[in-house]
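Reading through the C-alpha coordinates given below for one structure.
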Amino acid sequence: MRNVIKKNAVKMFSEDRIDSVMIKFSKLKLVLNYYCIFIISKSKFITGVYYLFSGEFKREQYSVIIGKRVHMEDLMRKRNNYYLLRRNTHRIEKGLLMMPRKDIFATRFITETMNSFIFLLNQNDSEINNNPQFKWTFDVLDKYFKVTADNIIINKERERFNKMTTDLQPTEQKKYVPYKRDLNKQKVISINQFKELSEIRRSVRFFKQINVPRKKIDNAIEIGLLSPSACNRQPFRYQVFDDPVLVKKIGRIPSGTNGFYHNIPMLIAVIGDLSAYPNECDRHLIYIDAALSAMPFMYALEVQGLSSCPLNWPDIEEKEKELDKILSLDKYERVILFIAVGYPDEEAEVAYSMKRELKEMRTFNL
(Lines give C-alpha, C1' and ligand atoms only; values in the text may rest on other atoms or scores of the structure.)
Protein backbone atom coordinates (compact mmCIF):
# COMPACT_ATOMS: atom_id res chain seq x y z
CA MET A 1 0.00 0.00 0.00
CA ARG A 2 2.80 2.38 0.90
CA ASN A 3 4.54 1.70 -2.42
CA VAL A 4 1.32 2.42 -4.31
CA ILE A 5 0.92 5.78 -2.56
CA LYS A 6 4.55 6.60 -3.26
CA LYS A 7 4.19 5.79 -6.96
CA ASN A 8 1.03 7.92 -7.21
CA ALA A 9 2.80 10.82 -5.48
CA VAL A 10 5.73 10.59 -7.86
CA LYS A 11 3.33 10.47 -10.79
CA MET A 12 1.26 13.37 -9.44
CA PHE A 13 4.29 15.61 -8.92
CA SER A 14 6.30 14.60 -11.97
CA GLU A 15 8.10 17.37 -13.82
CA ASP A 16 5.57 17.27 -16.66
CA ARG A 17 2.69 17.62 -14.21
CA ILE A 18 4.38 20.49 -12.42
CA ASP A 19 5.08 22.22 -15.74
CA SER A 20 1.44 21.80 -16.73
CA VAL A 21 0.22 23.29 -13.46
CA MET A 22 2.65 26.21 -13.75
CA ILE A 23 1.51 26.93 -17.30
CA LYS A 24 -2.14 26.98 -16.22
CA PHE A 25 -1.28 29.21 -13.26
CA SER A 26 0.64 31.61 -15.53
CA LYS A 27 -2.31 31.81 -17.92
CA LEU A 28 -4.72 32.53 -15.06
CA LYS A 29 -2.38 35.19 -13.69
CA LEU A 30 -2.11 36.80 -17.14
CA VAL A 31 -5.90 36.89 -17.57
CA LEU A 32 -6.51 38.36 -14.10
CA ASN A 33 -3.77 40.94 -14.61
CA TYR A 34 -5.19 41.91 -17.99
CA TYR A 35 -8.71 42.55 -16.66
CA CYS A 36 -7.29 44.50 -13.75
CA ILE A 37 -5.26 46.74 -16.08
CA PHE A 38 -8.21 46.96 -18.48
CA ILE A 39 -10.43 48.44 -15.74
CA ILE A 40 -7.71 50.77 -14.46
CA SER A 41 -6.95 52.08 -17.96
CA LYS A 42 -10.55 53.23 -18.46
CA SER A 43 -9.99 56.42 -16.50
CA LYS A 44 -7.12 58.80 -15.79
CA PHE A 45 -8.49 59.21 -12.27
CA ILE A 46 -8.47 55.46 -11.56
CA THR A 47 -5.00 55.25 -13.11
CA GLY A 48 -3.85 57.97 -10.72
CA VAL A 49 -5.28 56.09 -7.77
CA TYR A 50 -3.56 52.90 -8.93
CA TYR A 51 -0.15 54.57 -9.08
CA LEU A 52 -0.79 56.24 -5.74
CA PHE A 53 -0.48 52.79 -4.19
CA SER A 54 1.91 51.28 -6.72
CA GLY A 55 5.63 51.84 -6.12
CA GLU A 56 6.66 51.35 -9.75
CA PHE A 57 7.50 55.00 -10.42
CA LYS A 58 8.18 56.28 -6.93
CA ARG A 59 11.97 56.26 -7.30
CA GLU A 60 11.80 58.27 -10.51
CA GLN A 61 9.31 60.71 -8.98
CA TYR A 62 11.57 61.18 -5.97
CA SER A 63 14.65 61.71 -8.15
CA VAL A 64 12.80 64.25 -10.31
CA ILE A 65 11.69 66.27 -7.26
CA ILE A 66 15.13 66.20 -5.64
CA GLY A 67 16.70 67.34 -8.92
CA LYS A 68 14.16 70.15 -9.22
CA ARG A 69 14.84 71.26 -5.64
CA VAL A 70 18.62 71.39 -6.18
CA HIS A 71 18.14 73.33 -9.40
CA MET A 72 15.81 75.88 -7.79
CA GLU A 73 18.05 76.31 -4.74
CA ASP A 74 20.85 77.40 -7.04
CA LEU A 75 18.58 79.99 -8.64
CA MET A 76 17.28 81.35 -5.34
CA ARG A 77 20.78 81.71 -3.89
CA LYS A 78 22.21 83.07 -7.15
CA ARG A 79 24.78 80.30 -7.25
CA ASN A 80 26.30 79.09 -10.47
CA ASN A 81 24.05 76.43 -11.90
CA TYR A 82 26.13 74.64 -14.49
CA TYR A 83 23.14 73.33 -16.44
CA LEU A 84 21.27 76.63 -16.35
CA LEU A 85 24.29 78.47 -17.73
CA ARG A 86 24.74 75.91 -20.51
CA ARG A 87 21.06 75.99 -21.39
CA ASN A 88 20.80 79.78 -21.47
CA THR A 89 24.04 80.22 -23.39
CA HIS A 90 22.65 77.89 -26.03
CA ARG A 91 19.32 79.72 -26.07
CA ILE A 92 21.17 82.98 -26.74
CA GLU A 93 23.16 81.23 -29.47
CA LYS A 94 19.93 80.23 -31.18
CA GLY A 95 18.76 83.83 -30.99
CA LEU A 96 22.00 85.01 -32.60
CA LEU A 97 21.71 82.64 -35.55
CA MET A 98 18.04 83.37 -36.38
CA MET A 99 17.27 84.60 -39.92
CA PRO A 100 16.34 87.38 -39.66
CA ARG A 101 17.76 88.07 -36.21
CA LYS A 102 15.68 90.13 -33.80
CA ASP A 103 17.16 93.33 -32.38
CA ILE A 104 15.84 92.46 -28.92
CA PHE A 105 15.60 88.92 -27.54
CA ALA A 106 16.39 86.83 -24.45
CA THR A 107 15.09 89.51 -22.09
CA ARG A 108 13.24 86.93 -19.98
CA PHE A 109 16.38 85.05 -18.97
CA ILE A 110 19.37 87.34 -19.57
CA THR A 111 19.46 88.44 -15.90
CA GLU A 112 19.61 84.90 -14.51
CA THR A 113 22.23 84.09 -17.14
CA MET A 114 24.36 87.02 -16.01
CA ASN A 115 23.92 86.03 -12.34
CA SER A 116 25.25 82.58 -13.09
CA PHE A 117 28.05 83.91 -15.30
CA ILE A 118 29.21 86.43 -12.70
CA PHE A 119 29.17 83.75 -10.00
CA LEU A 120 31.50 81.69 -12.19
CA LEU A 121 33.69 84.73 -12.83
CA ASN A 122 33.98 85.50 -9.09
CA GLN A 123 35.53 82.13 -8.27
CA ASN A 124 38.97 83.81 -8.53
CA ASP A 125 40.23 81.05 -10.78
CA SER A 126 43.53 82.12 -12.34
CA GLU A 127 42.81 79.81 -15.28
CA ILE A 128 39.30 81.15 -15.88
CA ASN A 129 40.19 82.29 -19.41
CA ASN A 130 41.08 78.70 -20.30
CA ASN A 131 37.83 77.27 -18.94
CA PRO A 132 35.84 76.11 -22.05
CA GLN A 133 32.49 76.70 -20.34
CA PHE A 134 33.50 80.25 -19.38
CA LYS A 135 35.03 80.98 -22.78
CA TRP A 136 31.91 79.83 -24.61
CA THR A 137 29.55 81.88 -22.43
CA PHE A 138 31.84 84.91 -22.53
CA ASP A 139 32.03 84.91 -26.34
CA VAL A 140 28.27 84.40 -26.77
CA LEU A 141 27.39 87.15 -24.28
CA ASP A 142 29.98 89.48 -25.81
CA LYS A 143 28.41 89.13 -29.24
CA TYR A 144 24.89 89.30 -27.80
CA PHE A 145 25.49 92.65 -26.10
CA LYS A 146 27.18 94.03 -29.24
CA VAL A 147 24.31 93.22 -31.62
CA THR A 148 21.21 93.81 -29.46
CA ALA A 149 19.39 97.14 -29.45
CA ASP A 150 18.63 99.40 -26.49
CA ASN A 151 16.28 97.91 -23.94
CA ILE A 152 15.98 98.64 -20.23
CA ILE A 153 16.77 95.04 -19.22
CA ILE A 154 19.48 94.46 -21.83
CA ASN A 155 21.12 97.81 -21.11
CA LYS A 156 21.38 96.98 -17.41
CA GLU A 157 22.93 93.59 -18.05
CA ARG A 158 25.19 94.99 -20.78
CA GLU A 159 26.58 97.44 -18.24
CA ARG A 160 27.16 94.62 -15.73
CA PHE A 161 28.89 92.53 -18.38
CA ASN A 162 31.22 95.33 -19.53
CA LYS A 163 32.10 96.24 -15.95
CA MET A 164 32.87 92.66 -14.93
CA THR A 165 34.89 91.76 -18.04
CA THR A 166 36.97 94.91 -18.55
CA ASP A 167 40.22 93.28 -17.46
CA LEU A 168 39.65 89.92 -19.15
CA GLN A 169 42.17 88.93 -21.77
CA PRO A 170 40.93 85.85 -23.66
CA THR A 171 43.85 83.55 -24.45
CA GLU A 172 42.40 82.10 -27.65
CA GLN A 173 41.62 83.77 -30.96
CA LYS A 174 38.85 81.30 -31.80
CA LYS A 175 35.39 82.62 -31.06
CA TYR A 176 32.84 80.16 -29.62
CA VAL A 177 29.87 81.70 -31.38
CA PRO A 178 27.53 80.61 -34.21
CA TYR A 179 29.42 79.94 -37.46
CA LYS A 180 28.90 78.59 -40.97
CA ARG A 181 29.74 74.92 -41.48
CA ASP A 182 32.08 73.65 -44.17
CA LEU A 183 29.54 71.50 -46.01
CA ASN A 184 32.25 69.77 -48.05
CA LYS A 185 33.23 67.84 -44.93
CA GLN A 186 29.91 66.01 -45.10
CA LYS A 187 31.43 63.90 -47.90
CA VAL A 188 34.35 62.52 -45.85
CA ILE A 189 32.40 59.34 -45.02
CA SER A 190 30.02 57.83 -47.56
CA ILE A 191 26.62 56.38 -46.67
CA ASN A 192 27.87 52.93 -47.71
CA GLN A 193 30.87 53.20 -45.38
CA PHE A 194 28.66 54.24 -42.51
CA LYS A 195 26.22 51.42 -43.20
CA GLU A 196 29.13 48.98 -43.25
CA LEU A 197 30.25 50.22 -39.82
CA SER A 198 26.68 49.79 -38.54
CA GLU A 199 26.59 46.23 -39.84
CA ILE A 200 30.00 45.41 -38.34
CA ARG A 201 28.99 46.67 -34.92
CA ARG A 202 27.24 43.87 -33.03
CA SER A 203 26.53 43.39 -29.35
CA VAL A 204 29.47 41.31 -28.13
CA ARG A 205 29.23 39.32 -24.92
CA PHE A 206 32.54 37.46 -24.83
CA PHE A 207 35.82 39.30 -24.72
CA LYS A 208 39.53 38.66 -24.56
CA GLN A 209 40.86 39.02 -21.06
CA ILE A 210 43.00 42.01 -22.01
CA ASN A 211 43.01 45.40 -20.32
CA VAL A 212 41.18 48.12 -22.24
CA PRO A 213 43.32 51.27 -22.73
CA ARG A 214 41.69 54.23 -21.02
CA LYS A 215 42.85 56.51 -23.81
CA LYS A 216 40.63 54.65 -26.29
CA ILE A 217 37.67 55.09 -23.93
CA ASP A 218 38.38 58.82 -23.66
CA ASN A 219 38.54 59.05 -27.47
CA ALA A 220 35.14 57.38 -27.74
CA ILE A 221 33.57 59.53 -25.00
CA GLU A 222 34.78 62.70 -26.72
CA ILE A 223 32.97 61.58 -29.86
CA GLY A 224 29.87 60.63 -27.86
CA LEU A 225 29.84 64.11 -26.36
CA LEU A 226 29.50 65.63 -29.84
CA SER A 227 25.96 64.22 -30.07
CA PRO A 228 22.97 66.59 -29.86
CA SER A 229 21.53 67.39 -26.44
CA ALA A 230 18.44 69.42 -25.46
CA CYS A 231 19.68 73.01 -25.02
CA ASN A 232 23.20 71.55 -24.92
CA ARG A 233 22.87 70.70 -21.22
CA GLN A 234 24.36 67.19 -21.59
CA PRO A 235 22.76 65.96 -18.34
CA PHE A 236 24.74 62.73 -18.01
CA ARG A 237 28.21 61.36 -17.35
CA TYR A 238 30.21 58.24 -18.10
CA GLN A 239 31.36 56.27 -15.04
CA VAL A 240 34.07 53.80 -16.11
CA PHE A 241 34.88 50.65 -14.15
CA ASP A 242 37.98 48.64 -15.04
CA ASP A 243 38.80 47.17 -11.64
CA PRO A 244 38.10 43.42 -12.13
CA VAL A 245 36.50 43.03 -8.70
CA LEU A 246 34.17 45.99 -9.20
CA VAL A 247 33.30 44.95 -12.75
CA LYS A 248 32.17 41.48 -11.63
CA LYS A 249 30.35 42.89 -8.60
CA ILE A 250 28.37 45.39 -10.68
CA GLY A 251 28.12 43.29 -13.84
CA ARG A 252 25.90 40.64 -12.28
CA ILE A 253 23.24 43.21 -11.25
CA PRO A 254 21.71 44.29 -14.60
CA SER A 255 19.16 41.97 -16.18
CA GLY A 256 20.42 39.76 -18.97
CA THR A 257 24.07 39.36 -17.93
CA ASN A 258 23.82 35.83 -16.55
CA GLY A 259 26.33 33.61 -18.29
CA PHE A 260 28.79 36.29 -19.37
CA TYR A 261 29.18 39.02 -16.72
CA HIS A 262 32.30 37.28 -15.37
CA ASN A 263 33.88 37.72 -18.83
CA ILE A 264 33.50 41.53 -19.05
CA PRO A 265 36.84 43.40 -18.75
CA MET A 266 35.34 46.90 -18.53
CA LEU A 267 31.90 48.18 -17.59
CA ILE A 268 30.62 51.70 -18.15
CA ALA A 269 27.61 53.24 -16.46
CA VAL A 270 25.91 56.15 -18.24
CA ILE A 271 24.34 58.19 -15.43
CA GLY A 272 21.69 60.88 -15.87
CA ASP A 273 21.46 64.03 -13.74
CA LEU A 274 17.94 65.31 -13.04
CA SER A 275 19.20 68.48 -11.32
CA ALA A 276 19.64 69.82 -14.87
CA TYR A 277 15.91 70.62 -15.04
CA PRO A 278 13.53 72.91 -13.16
CA ASN A 279 10.40 71.31 -14.60
CA GLU A 280 8.97 67.78 -14.56
CA CYS A 281 8.15 68.03 -18.27
CA ASP A 282 11.88 67.59 -18.98
CA ARG A 283 12.28 64.42 -16.91
CA HIS A 284 12.75 62.16 -19.95
CA LEU A 285 15.61 64.18 -21.43
CA ILE A 286 18.28 62.38 -19.41
CA TYR A 287 17.27 59.16 -21.19
CA ILE A 288 17.07 60.73 -24.65
CA ASP A 289 20.33 62.69 -24.43
CA ALA A 290 22.28 59.83 -22.86
CA ALA A 291 21.07 57.41 -25.54
CA LEU A 292 21.98 59.89 -28.30
CA SER A 293 25.50 60.02 -26.88
CA ALA A 294 25.87 56.28 -26.24
CA MET A 295 25.40 55.23 -29.87
CA PRO A 296 28.27 57.25 -31.42
CA PHE A 297 30.33 56.27 -28.37
CA MET A 298 29.89 52.60 -29.31
CA TYR A 299 30.68 53.30 -32.97
CA ALA A 300 33.87 55.07 -31.84
CA LEU A 301 34.85 51.98 -29.84
CA GLU A 302 34.35 49.81 -32.93
CA VAL A 303 36.71 51.80 -35.17
CA GLN A 304 39.40 51.43 -32.48
CA GLY A 305 39.18 47.65 -32.46
CA LEU A 306 36.97 47.42 -29.37
CA SER A 307 33.48 45.97 -29.11
CA SER A 308 30.61 46.61 -26.76
CA CYS A 309 27.26 45.43 -25.50
CA PRO A 310 24.63 47.86 -24.15
CA LEU A 311 23.02 46.27 -21.10
CA ASN A 312 19.41 46.71 -20.11
CA TRP A 313 18.94 48.54 -16.81
CA PRO A 314 15.36 47.86 -15.63
CA ASP A 315 13.57 50.20 -13.26
CA ILE A 316 13.30 47.65 -10.45
CA GLU A 317 13.53 48.90 -6.88
CA GLU A 318 15.41 45.86 -5.61
CA LYS A 319 18.13 46.27 -8.23
CA GLU A 320 18.27 50.04 -7.71
CA LYS A 321 18.92 49.54 -3.99
CA GLU A 322 21.58 46.93 -4.68
CA LEU A 323 23.35 49.27 -7.08
CA ASP A 324 23.03 52.25 -4.72
CA LYS A 325 25.12 50.43 -2.13
CA ILE A 326 28.00 50.32 -4.61
CA LEU A 327 27.75 53.56 -6.59
CA SER A 328 26.43 55.91 -3.86
CA LEU A 329 24.76 58.17 -6.41
CA ASP A 330 23.08 61.44 -5.51
CA LYS A 331 19.31 61.16 -5.12
CA TYR A 332 18.77 63.10 -8.35
CA GLU A 333 21.02 60.80 -10.40
CA ARG A 334 19.76 57.73 -12.28
CA VAL A 335 21.57 55.01 -14.19
CA ILE A 336 20.41 55.09 -17.82
CA LEU A 337 22.26 52.03 -19.08
CA PHE A 338 25.44 49.99 -18.70
CA ILE A 339 27.83 49.24 -21.56
CA ALA A 340 30.19 46.26 -21.51
CA VAL A 341 33.44 47.00 -23.34
CA GLY A 342 36.45 44.92 -24.41
CA TYR A 343 38.41 43.35 -27.23
CA PRO A 344 36.16 40.76 -28.90
CA ASP A 345 36.97 37.07 -28.66
CA GLU A 346 37.40 35.91 -32.27
CA GLU A 347 36.04 32.47 -31.40
CA ALA A 348 32.82 33.81 -29.89
CA GLU A 349 29.61 34.14 -31.88
CA VAL A 350 27.23 37.08 -31.91
CA ALA A 351 23.46 37.05 -32.34
CA TYR A 352 22.17 37.61 -35.88
CA SER A 353 19.46 39.90 -34.47
CA MET A 354 17.29 40.29 -37.54
CA LYS A 355 16.22 43.91 -37.80
CA ARG A 356 12.81 45.04 -38.93
CA GLU A 357 12.39 46.06 -42.56
CA LEU A 358 12.37 49.67 -43.70
CA LYS A 359 8.76 49.50 -44.87
CA GLU A 360 7.68 48.48 -41.35
CA MET A 361 9.52 51.35 -39.71
CA ARG A 362 8.96 54.32 -42.00
CA THR A 363 5.99 56.32 -43.25
CA PHE A 364 5.80 59.69 -45.00
CA ASN A 365 3.31 62.28 -43.83
CA LEU A 366 -0.12 60.85 -42.87
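A few points about this structure:
- Translational D in µm²/s for the stretch 60-166 (Stokes-Einstein at 4 °C, 1.567 mPa s, Kirkwood Rh from C-alpha pairs): 88 µm²/s
- Sorted largest first, extent of the stretch 202-342 alpha carbons per principal axis (Å): 45, 35, 22
- Degrees separating the helix 2-12 axis from the principal Cα axis of the chain, which is the longest one: 40 degrees
- The longest stretch of the chain left intact once loop-based chymotrypsin sites (Phe, Trp or Tyr not before Pro) with at most 12 other Cβ atoms within 10 Å are removed from consideration, loops following DSSP, is 180-351.
- Net lengthening on full extension, S54/S255 (0.36 nm per residue, minus Cα-Cα): 70.2 nm
- Length released on extending from I39 to A149, taking residue separation times 0.36 nm less the Cα-Cα span: 33.7 nm
- Using a Förster distance of 45 Å, the FRET efficiency for M72-Y179 (Cβ separation, nearest 0.05): 0.85
- Each of H90, H71 has its accessible area taken with a 1.4 Å probe; listed largest first, they run H90, H71.
- Look at (1) 90, 40, 35; (2) 103, 54, 49; (3) 73, 56, 44: the one that is Cα extents along the principal axes in Å derived from this structure is (2).
- Qualifying GluC sites (Glu not before Pro) for the stretch 263-366 [loop in DSSP, other Cβ within 10 Å: at most 13]: E346, E347, E349, E357
- Residue-normalised accessible area of the chain, given per residue in Å² at a 1.4 Å probe: 66 Å²
- The chain, accessible surface, carbon-and-sulfur percent (1.4 angstrom probe): 57 percent
- Among the trypsin sites (Lys or Arg not before Pro) within the stretch 275-366, those in coil by DSSP and having at most 13 neighbouring Cβ atoms inside 10 Å are K355, R356, R362.
- Spin-label model, T166/M99: points 7 Å from Cα along the beta carbon direction are separated by 4.0 nm.
- Helical mean residue ellipticity (222 nm; -39500 (n - 2.57) per DSSP H run of 4+; nearest 500) of the chain: -16000 deg cm²/dmol
- The modelled label-to-label distance for the pair K319/R237, using points 7 Å beyond Cα in the direction of Cβ, is 2.3 nm.
- Note on V303 and K355: the extension gain reaches 16.5 nm, defined as 0.36 nm multiplied by sequence separation minus the Cα-Cα distance.
- Only lysine pairs 8 or more places apart, or on different chains, with alpha-carbon atoms under 21 angstrom apart are counted in the stretch 60-166, and they number 18.
- Sparse packing (at most 16 other Cβ atoms within 10 Å of the Cβ) combined with a DSSP loop state is found for the following trypsin sites (Lys or Arg not before Pro) in the stretch 207-260: K208, R252.
The values are calculated or read from the model by the stated rules, or taken from the named source; none is laboratory data. In this text, all values refer to a predicted model and were calculated from it rather than measured experimentally. Every residue, glycine among them, receives a Cβ derived from its backbone with ideal geometry; neighbour counts consider all protein chains shown. In case anyone asks, the SASA skips ligands and DNA or RNA and just uses the protein heavy atoms, side chains included. Shrake-Rupley method; radii C 1.70, N 1.55, O 1.52, S 1.80 Å.
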